Amino acid sequence: VVDRLPGVVKRHSDDPEMPGCIRRGKNRAIDQAWPDVREEIMWRVALSIDACPKRPREATGPGPDPIRAFFRYHLYPCDRSFWSVMRDPVWILFTLLSLVPWAGMNPLIFLLIFLLIDKRDEFQLLSFILQFKGTQFLSQGVIRSVTGYALFLACVTAHGHPQNHSCHMEGPGVYNGWEVAAVGWTIQVALVWIALLLLPCSQEKGREMLRGDIEWTPSTASARSAGGYIRRLLVFDAVVFLLCAGLVAYVISTRPGQAYDDWVVRHTVFACQVMYGLASFPFVMFTLPILQAVLTHSVPTKYDRQGRTSAIIRPPKPETAPTGRRRWEVLSTDELGHWLSELQAGMAGLRQGSDGSAEAALGSDADATGPLGAPAGQGDGGCAQPSESIARQRAPGPMPTSSGGSGGAAAVPADT
C-alpha cells in the first residue's frame, strides 16, 4: 500500500494543460524524494507495532550548571507550546537580538547559543545550523537589502547631483566598526562548520527504541549518515562563501595601495554579506517540521527545567470548569433529562384535563353551560380547558351541542 503512494501523488498532481517538461520534472522530484518519505513512514509503522515501553521519555541523570540550565529551558523548553514560549521575555530578547544585522550582533547571539546547547545530541546540532542559517537569511539577506538600498538612495539620489555623492561617507557598509561585522561574518561560517564536524560524534537522544520483534535498518544513505541532506547544503554554502570572499579580495587588489579599508571595499563587503544571506534561503525549507524530518531523519529534542536533553513532552491541557456539553452535542444529558421531565409533566396535565371533559360529557345532570358548552374562556375559573383548546384547534367551527336543550350536553366523544 505504501509503495503505491508515489503513483497516486503523480496522478492527482497531473494536469492536461501542464507542459511536458514540467510534468517530467515533477515526477522526477517525486521519485527522488520518495525513498526518504518511505523511510519515515515505515519507521513510524515499526514504532506503532514494536515500540519499547520501558525507555522513559523524560531525561534522567544530572544536568548542567544552573546558568546553562536556565537559558536552555527558556529558549527550548520540552513541555511548553509554541505560543507559551513566545511569551517568555528571554526568548523574545534572544530572538530580536539575533535579527540585528549590525555590529556583529547576529553572530554574537548564536555564539552564545552554541555554547549553551547540548553538542552531543544530533538534533540540537542540526537545529542550531538551521536556525542560524534561517535567521541569517532574514537579518543578513532581507533586512540588509532594505537598509542598503535606503543608504544608497540617501548618498546618491538624495543629493540630486550627477557628479557629486556622499557614498564614501554615508554609503552601505561605510560606518565605524565595519571590521567587527566582517569578523562576525567569518564567525558565522566557522560556527556552522564546527557544528557539522561534531555531527558524527553525536547521538539521537530523542529516538525511541524497538523491542526487537522487528529488525530495523535504514534503507537510504541519507538516513544512515548523521544530518541527512544537510551536508550537501553546507557544501553549497561553502562555495557561496568562497565566491564572496574572492570578490572582496579582487576588489582589494584593485584599490590604490591595496587598502582594505577603502570605502569601495566596504561597499563590496556589505554587498557580499547580502548575497551570502540571501543564499541561505534553502536552509529555510529545512526548518519546516515535515520537510525537516524527511530531509534530516532526526528526532526533535529540547530541554527540561534542569537543562537536560529530553524528548518533546506534550504540555498538559489547562483544566476548565466542566460545561456538561460536548462540542458535537446540541443538548447535554442533564439538559435533555430536564426537558423530558417537563414534557412528561405537561402530558400528565393534558391527560387530567381530558378525563375531566369526558366526565362532563357523560354526566346527565350537566347543563348546556358546562365545560364544553360554555363559551371560550368561561370554563372553570374563566379559563379554557385543555381539551376545549385541542378541540377548537382540530375543528375551527362552532362547538357542536346537543339538540335536547338545557338537559343535554355536548355530543363529543370522551376520547376527543
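Protein heavy-atom accessible surface, 1.4 Å probe, per residue over the stretch 1-147: 57 Å².
When the Cα positions of Leu234, Ala271, Val248 are compared along the charge dipole of the stretch 230-311, Leu234 comes out farthest toward the positive end, with charges on each C-beta of Lys, Arg, Asp and Glu. Taking the protein heavy atoms of the stretch 169-277 in the context of the full set of protein chains, the accessible area attributed to carbon and sulfur is 63 percent at 1.4 Å. Relative protection proxy for 139-147, 201-209, from highest mean packing down: 139-147, 201-209 (other beta-carbon atoms within 10 angstrom). Once the chain from Met86 to Trp102 is taken as fully extended at 0.36 nm per residue, the excess over their C-alpha distance is 3.4 nm.
Placing pseudo-labels 7 Å out from each Cα toward the beta carbon at Ala51 and Val1 gives an inter-label distance of 1.9 nm. Between the listed residues Ile49, Asn106, Val90, the Cα displaced farthest toward the positive end of the dipole of the stretch 1-117, a dipole computed from Cβ unit charges relative to the Cα centre, is found at Ile49. With a simple spin-label model that places each label point 7 Å from the Cα along the Cα-to-Cβ direction, the separation between Met209 and Ala154 comes to 6.0 nm.
At a 1.4 Å probe, what is the % contribution of carbon and sulfur to the accessible area of the stretch 84-141? About 76 percent, which is the carbon plus sulfur part of the accessible surface. Averaged over residues, the count of other Cβ atoms within 10 Å places the peptides 258-266, 124-132, 211-219, 27-35 in the sequence 124-132, 258-266, 27-35, 211-219, highest first. Accessible surface calculations at 1.4 Å, restricted to protein heavy atoms, place the stretch 221-303 at 49 Å² per residue.
For a label point 7 angstrom out from the Cα of Val239 toward its Cβ, which stretches of the stretch 116-142 have the backbone nitrogen within less than 11 Å? The answer is none, because no backbone nitrogen lies closer than 11 Å to the label point.
Here the calculated FRET efficiency for Arg231 and Arg255, from their Cβ-Cβ distance with R0 = 30 Å, stands at 0.20, rounded to the nearest 0.05. Once the Cβ-Cβ distance of Trp34 and Leu278 is raised to the sixth power relative to R0 = 35 Å, the FRET efficiency obtained is 0.70.
The values are calculated or read from the model by the stated rules, or taken from the named source; none is laboratory data. Quick caveat, the model's predicted, so the values are computed rather than measured. Backbone-built Cβ (ideal geometry, glycine too); neighbour counts: all protein chains shown. In case anyone asks, the SASA skips ligands and DNA or RNA and just uses the protein heavy atoms, side chains included. Shrake-Rupley method; radii C 1.70, N 1.55, O 1.52, S 1.80 Å.
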